[in-house]
Each structure stands twice: as C-alpha cells, then as structure tokens.
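Following: one structure in structure tokens, then a few remarks.
The values are calculated or read from the model by the stated rules, or taken from the named source; none is laboratory data. It should be emphasised that the depicted structure is a prediction, and the values quoted were computed from it without experimental measurement. Glycine also receives a Cβ, built like all others from the backbone with ideal geometry; neighbour counts cover every protein chain displayed. Calculation scope for accessible area: heavy atoms of the full protein, side chains included, ligands and nucleic acids excluded. Shrake-Rupley method; radii C 1.70, N 1.55, O 1.52, S 1.80 Å.
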Amino acid sequence: MIFGLAAATAVAFGFLAHTAAEAGLLVQRYGYYALAGTTLWWLLALYRRSRSLTTGAIGDSKRERIQVVGFVAGVSVVSLFIFPYSYKILYDELVLQATAWNLHYFREVGTVVRGYEIEGIFASLNIYLDKRPYFFSFLVSLVHDLTGYRELNGFLVNTLLLPLVLVLFYAVARKLAAHRAAFAALVCFGASTLLAQNANGMGMELINLAMLLLVMRAAVDYLAKPDDDRLSVLILSCVLLAQTRYESALYVIPAAIVVLEGWRRVGRVILPAAAMAAPLLLIPCALHNTYLSGTPALWELRADLDSRFGVEHVANNLTHAGTYFFALFGNILNSWWLSVTGWLALGWATCVVLVRVREWPRAPSGGVVAVLFAVAVLANLGLLMFYFWGQLDDPIVARLVLPFHVILALAVAWATQRLAGSPVGERLPPILVGGALLVTAAFGMPAAAHHSTINLLATELAWEWRVVETWPPKERLVITNKSALAWLMRRVPVIAIHQGRSRSDAVRFHLEQGTFQEVLVTQVLRSSGPDGVFVVDPEDLLPSIYVLEPVVERHIGSRIARISRVVRIDPAPVKPAAEVAGEEGARRDDAAAALASATVERAR
C-alpha cells in the first residue's frame, strides 16, 4: 500500500501537477539536494553489500587477477596517449562542465551563461536549466568541493571511471563464462577506441556505462539470493542510472522485472525502505522530463522538423548503422571485430533464448539479467533509429552505441563459453584477443589520430586560451564568435558577437570607465577568392564603430583564427534605425558574396 501510494504521488507530482516552467524551476532549486540524498543512501547501501559485490569480481586466482588488472591498466594508460584531454563533443561537454561549476558554487542545477568578477569573486549572473541529466556534473562538483574548482577535474573523473567500467564489465562477464571466455570478451570490449575517446573527454558516457554495469552486477547478486540489502543496492543504483543519460530511464523496466523474479524465486515480497521510496526518488527525473518535453527550444531540431522522432528517419539511420558497425575504413571509431563476432554471438544467443524460453524459472541469475538488459539496450538502440539525429557513423552520435558494445561483448563471452571443450573452443579465446588487438592497431589507431584533429572549434578555443594565458593578468572582456562557456569556465567575462553588436554603448562605457582594462574579439577569416585574400566571416563582423587592432592569428584548417584588441568604440552616428540596420546588413551581404564567389571559383 505504501509503495502504491508513493508511485501514485510520484506520477502525479512529476508528470501532471506542474507546467514545464514550474518543473524546471523545481529541478533547478532542489535537484542538487535530492540527488545528494539519493547518492548518500546509495553509498551506504553499497558499503553494506561491498563484500558480495566484489567477491570474485576480478577472478579467484592470482594468475587471473594479474591478467585482468594488467589489461585494465594497459588500456587506461594507452588511452591517455591516443586521446589527449579535450572537449570531444564541444557544446555538450562544456554544458556539463558549466553545470558542475554552478553545482559546486551555488548548489543549483543550471548552466551558467553570464558571469563577471565582483569585488574579487567571479559570480554567475544568469543560468538556465539544460536538458542533460546532471548526475555526472554532480560527481564532478563533489571533486570540486574536495580539491577546489579546476577545469581538469571533470576529465580526471572520466579517467578514473575507465578502469572501473572495465572491471565492472569483467565482473558481469564472469557470471556468464569462465575466465578465458570472459577475458577474451573484456579485450574485445576494452580495445575499442570509442571507449578511449570518451574516457578522456568531459562527457557522461563513462558514468552511464559504469552505472549500467553496476546495476547488472547488483541484479545478478540480488537474483542469486534475494534479500533486503541486495535489493536496496539494486534499486538505488537503478535510480541513479536513470539520471545519467536521457534514455537510461528505460533500464528501470528490466530492473523491475528482476525484482519481481526475485520475489517469485524466494516465495515472498521483499520491500525494503529503498524499494518503497524508489518512485519518490525518481521525481527529479520525471520533473526534468516534463521540463524537456515542454521546452521545444532544447530539442535542437532542424528548421524543417517539428518532432524529434519519426518513421521517416529509420531507413537512413539503419544505413548509417550498417556503415558504423562494419566499415573497415573511413576513420570511424568503431570496432568491426567486436561487431562481427558480437553480432554472430548475439544471433546465436537469441535463438537459444527463444528455444529455451520455458526454462526461464530455472535459468541462472547471470543469464536472466543479461537477457533482460540486452532487450532494454536493443530497445534503446531501436528507438535511436527513429530519432532525427540517429546516424551512428556521425562522430557526435557514435558514443550512444557504447551500451550496445557491452551487450555484444557479453554475447561473445557467452558464446565462447558454450564452445569451451571443443577443438574450436580451445583456440577461440586467443583468436579473439589477438584479433581485437590487431584490429585496434591497424584500424583503430589511425581513426583515433584522425578524430583527435577534426574538431576545429575545440582546437581554436584551446589555442585562444593558451595565447591569452601567456599575457599579463588584466580585467578582460572577451567578445567571442564561439560558445561563451569555454571562457566562463576560466572565470573570464565574455559575451557573444551578436551581443557585442547590440550592446556597443555598454561595452564602450565599461571600457572607458576601466571596468575592463582590455576587450578582446575572436573572429574567423575565410578565403574570399582565388587571389588568396582572407576576409572576416560575415557572422563575426562587428559594427564599423569598433576600432580593432589584430594581435595574433593562426591558420587552422582552411581558415584563419584571429584575436583582436578593441582600441576604441566610437559613438554611434545618429541615424534612423532602419538605415543603420541596412548598412550592417549590406556589409554582411558583401562579405557573404565574396565568400560565395570564392566557393564558385574553387568549384570550377
């Protein structure tokens, strides 16, 4: 009765009682405290069950532990060399960084968009609630609390999560197979350059994988011997998993089925306090979803779309999925070795499950959990095929396939174990290990090198900061042509180019009054024709009243990044607003025409 009342309250409060704006405000103000309480409860539950969760996690023998620890350490070190710390998905990861900054300083869930130093303290003056779940940002903010704010902290969290993910994967695989088969699957999974890329960024993919694997490990532990403590770990881990990525809330369904199956196996209902409170703990997740569903501006749709999902996207997305999984070339961060072996193993496992579905009541706990979560992961992947931005071979989208990599690798572990004892089975583990390492060296490393250089915006931002960092400290304002978040995270006041255009009087006032000792402008120059003359991109133009002094330039790709200093801002001429707008529009049109002409010449 208490559980039913809690569930009804959660649905009503999370989905029905509030408008999108009200739901967003509740998450912004109280989301930190709700998540902090859930995390503390989860840590206490983990501590009570730590022995059962860690027993045999990396093997029962010294030789097995040495192999696992050696591989995990090797992958963790190599990943640092092939992918240096940087923002891989630029805006997404900057938003997570900014949210962690705000959680650390103000305990509010929000992304800072404007900040200035006031009496020696850099304060955010404007924030908004982003669509992204904030569990990862919350963890980073805890590190800030312990060590002081550093931009590096977010990257270090992901670096530490990589070995945890690999150990958790092996712990789950060992519930399906013996050491040789589980280790072969670990190598197939861990050798992925996609995994290494996300381990050295500021994204939330690694915490999503870690929580998914922890939930699966806790589910196996609970199903093997259902009791209150084991169920508490499973429930609380699943609540936090639901807040790592948008789609991870779907994993509540297989976890709920595991709970019911545990009740059936033990012959009684088990409802510890964590289970009864679970619907209430998920209220922040429901409120965040209500806010996102009612705020179309956060959907990032193309101009020709009015919905995020549609049947019309399926055929195209499936084509791109095939390219991602099986392309040998093309500098894609895939693992076609895992794709080939994993899809074959998964197909075999699916046939066995369908044939033996009636044996479910007597199935081992590891197999039950693997099947249930495999269905959920496949459902997530299937849903992605209906998404307007679901092309897996897109560098921004590819990270979403990592949970499916887990399922493919677990299928490899299961299939390899099934073949154990046969002539093929004895040779298969070393073949899998050797193939995974060879494919990574031959195909993964070149793709990694390519992906380390393709994000030109990240390269520009890093260069701009390195240059400015070498200059004497000053009160500076930056007028940027990119995301303002990169400068805000370094406590530098910043406005966008379009704000520089519209607020020229305010910028001039503060420059003259000494609020800012220096105003910098970042712009991009592009070739205007076959003569090689470069002009400022039309989107980066400032009004002619800005008198700029170019300070430093650098060729990045086919364009030039420039940092200029504002010498002065002349008073705006008193003209009719329509005339001023027409002049500025004409300047942008002229620059755009020059670029278009250059494009035509290059095409000829």
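Miscellaneous remarks
- Residue count for segment 247-272 satisfying the condition of being open to solvent by 20 Å² or more (accessible area, probe 1.4 Å) and touching a Cys at 6+ places or on another chain (Cβ under 7 Å): 2.
- Taken as a whole, segment 334-355 holds at least one residue that is touching a residue at least 12 places away in the same chain (Cβ under 8 Å) and assigned to a loop (DSSP other than H, G, I, E, B).
Matching residues to (1) at pLDDT below 95; (2) touching a Cys at 6+ places or on another chain (Cβ under 6 Å); (3) of a type outside the set (Lys, Arg):
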site: Pro403; (1), (2), (3): no, no, yes
site: Leu408; (1), (2), (3): no, no, yes
site: Val412; (1), (2), (3): no, yes, yes
site: Leu419; (1), (2), (3): yes, no, yes
site: Arg427; (1), (2), (3): yes, no, no
site: Leu437; (1), (2), (3): yes, no, yes
site: Ala448; (1), (2), (3): yes, no, yes
site: Leu457; (1), (2), (3): yes, no, yes
site: Thr470; (1), (2), (3): yes, no, yes
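- Residues that are in a helix (DSSP H, G or I) and either more than 15 Å from Val77 (Cβ to Cβ) or among the charged types (D, E, K, R) (or both), drawn from segment 184-200: Ala184, Ala185, Leu186, Val187, Cys188, Phe189, Leu194, Gln197, Asn198
- For Phe509, the criteria (1) more than 24 Å from Ser86 (Cβ to Cβ); (2) in contact (Cβ under 8 Å) with a residue 12 or more places away in the chain hold in every case but one, which is (2).
- Leu142 falls short on exactly one of the conditions (1) within 30 Å of Glu22 (Cβ to Cβ); (2) open to solvent by 10 Å² or more (accessible area, probe 1.4 Å); (3) modelled with pLDDT under 90, and that condition is (3).
- Set Tyr170, Tyr149, Tyr134: member being of a type in the set (Phe, Trp, Tyr) and touching a Ser or Thr at 6+ places or on another chain (Cβ under 7 Å): Tyr134
- Residues (in a helix (DSSP H, G or I) and open to solvent by 30 Å² or more (accessible area, probe 1.4 Å)) located in segment 145-158: Asp145, Leu146, Thr147, Leu152, Leu156
- Residue, farthest from the chain's Cα centre (by Cα), within segment 134-152, restricted to residues that are closer than 25 Å to Val72 by Cβ and in contact (Cβ under 8 Å) with a residue 40 or more places away in the chain: Leu152
- Residues being open to solvent by less than 20 Å² (accessible area, probe 1.4 Å) and assigned to a helix (DSSP H, G or I) - total across segment 536-557: 2
- On the stretch given as segment 308-333, residues that are surrounded by 12 or more Cβ atoms within 10 Å (Cβ to Cβ), out of contact with any His (no Cβ under 7 Å at 6 or more places or on another chain) and touching a residue at least 12 places away in the same chain (Cβ under 8 Å) total 17.
- Count of segment 416-428 residues which are within 23 Å of Ala374 (Cα to Cα) and open to solvent by less than 10 Å² (accessible area, probe 1.4 Å): 1
- Selected residue (criterion: farthest from Ala191 (Cα to Cα)) from residues of segment 62-98 that are without any contact (Cβ under 8 Å) to a residue 40 or more places away in the chain and either open to solvent by 50 Å² or more (accessible area, probe 1.4 Å) or touching a Lys or Arg at 6+ places or on another chain (Cβ under 9 Å) (or both): Lys62
- Flag if Val167 is of a type in the set (Val, Ile, Thr) and open to solvent by 10 Å² or more (accessible area, probe 1.4 Å): yes
- Among the residues listed as Ala36, Ala73, the single one being over 26 Å from Phe135 (Cβ atoms) and hydrophobic (A, V, I, L, M, F, W, C): Ala73
- For beta carbons closer than 8 Å, sequence separation of 6+ or different chains, a first residue in segment 107-132 that is without any contact (Cβ under 8 Å) to a residue 24 or more places away in the chain and a second that is acidic (Asp, Glu), the qualifying pairs are Ala123/Glu117.
Per-residue answers, yes or no, for (1) part of a helix (DSSP H, G or I); (2) under 24 Å from Leu282 (Cα atoms):
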{"position": "Lys131", "(1), (2)": "no, yes"}
{"position": "Leu160", "(1), (2)": "yes, no"}
{"position": "Leu164", "(1), (2)": "yes, no"}
{"position": "Ala177", "(1), (2)": "no, no"}
{"position": "Met202", "(1), (2)": "no, no"}
{"position": "Leu212", "(1), (2)": "yes, yes"}
{"position": "Asp221", "(1), (2)": "yes, yes"}
{"position": "Pro226", "(1), (2)": "no, yes"}
{"position": "Val239", "(1), (2)": "yes, yes"}
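- Scanning segment 18-33 for residues that are over 20 Å from Ala273 (Cβ atoms) and open to solvent by 60 Å² or more (accessible area, probe 1.4 Å) yields Thr19, Ala21, Glu22, Leu25, Arg29, Tyr30.
- Segments classed as helices (runs of 4 or more DSSP H), wholly inside segment 1-103, with at least 2 members that are over 30 Å from Leu194 (Cα atoms), modelled with pLDDT under 90 and of a type outside the set (S, T, N, Q): 2-11
- Tally of residues being over 17 Å from Ser502 (Cα atoms) and either assigned to a loop (DSSP other than H, G, I, E, B) or among the aliphatic types (A, V, I, L, M) (or both) across segment 558-575: 5
- Boolean, Ala219 is over 28 Å from Ile89 (Cβ atoms), at pLDDT 95 or above, open to solvent by less than 10 Å² (accessible area, probe 1.4 Å) and not polar (S, T, N, Q): yes
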